[in-house]
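First up is the structure itself, then whatever we jot down about it.
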Amino acid sequence: TNRATSCDSNTDKLVAGINKNIDIQKQEQAQLKVVQKMVDAGNVDQSDFDAAQSKFVDIVNKGITQRKKNQDLANGNAASDGLATVAKAQATELKTVQGLTGNAKTDDKAFAKLDTMFSGGIAQNQKN
């Protein structure tokens with residue numbers, strides 16, 4: 001196999017994978033808005049909240065799975081350090097999303113933190 005061809009193919013896969021992760025991060029931002037709107041409206045129906053939070057956790061986990069695939073492709077690549085940064089952020093995002101309660105008093109701080117983290121994650125992946 002021609003090394004240049006396999007390297008280019010790997011780079012193409014990595015670029016596609018990072019773009020996929022950016023799409024997932026946009027889904028995270030959209031689900032954040034759904035959950036935030038629900039909580040900020042007050043009088044939260046707990047089963048509705050639990051379903052929305054569960055979907056949110058699933059989206060974050062989908063992003064973690066995609067980033068792991070990207071890291072495998074980036075082994076030794078310049079994107080490796082940036083993906084390690086994304087990995088740390090995702091662990092915090094997951095913990096924060098799992099910690100949401102449906103109570104605006106506690107969740108509003110988490111929403112602000114998540115909004116910043118998701119925006120930062122997209123910016124980091126664009127650099128990668």
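By what distance, in whole Å, do the Cα atoms of the chain stretch along each of the three principal axes, largest value first?
Result, largest extent first: 62, 21, 17 Å.
To test your reading of the geometry: what angle, between 0 and 90 degrees and rounded to tens, separates the Cα axis of helix 104-127 from the longest principal axis of the chain?
Relative to the chain, helix 104-127 is tipped by roughly 10 degrees.
Which value, in Å², gives the accessible area per residue of the chain when a 1.4 Å probe is used on the protein heavy atoms?
58 Å²
With a 1.4 Å probe and all protein chains left in place, how much of the accessible area of the chain comes from carbon and sulfur atoms, in whole percent?
It is 50 percent, rounded to a whole number.
Find how many whole Å separate the alpha carbon centroid of segment 106-128 from the alpha carbon centroid of segment 2-70.
When both Cα centres are located, 12 Å separates them.
Quick one: accessible surface of Ser47, probe radius 1.4 Å, all protein chains present, in square angstrom to the nearest 10.
Number for this one is 80 Å².
The values are calculated or read from the model by the stated rules, or taken from the named source; none is laboratory data. None of the values given here were measured: they were computed from a predicted structure. Surface accessibility is based on the protein's heavy atoms, side chains included, excluding ligands, DNA and RNA. Shrake-Rupley method; radii C 1.70, N 1.55, O 1.52, S 1.80 Å.
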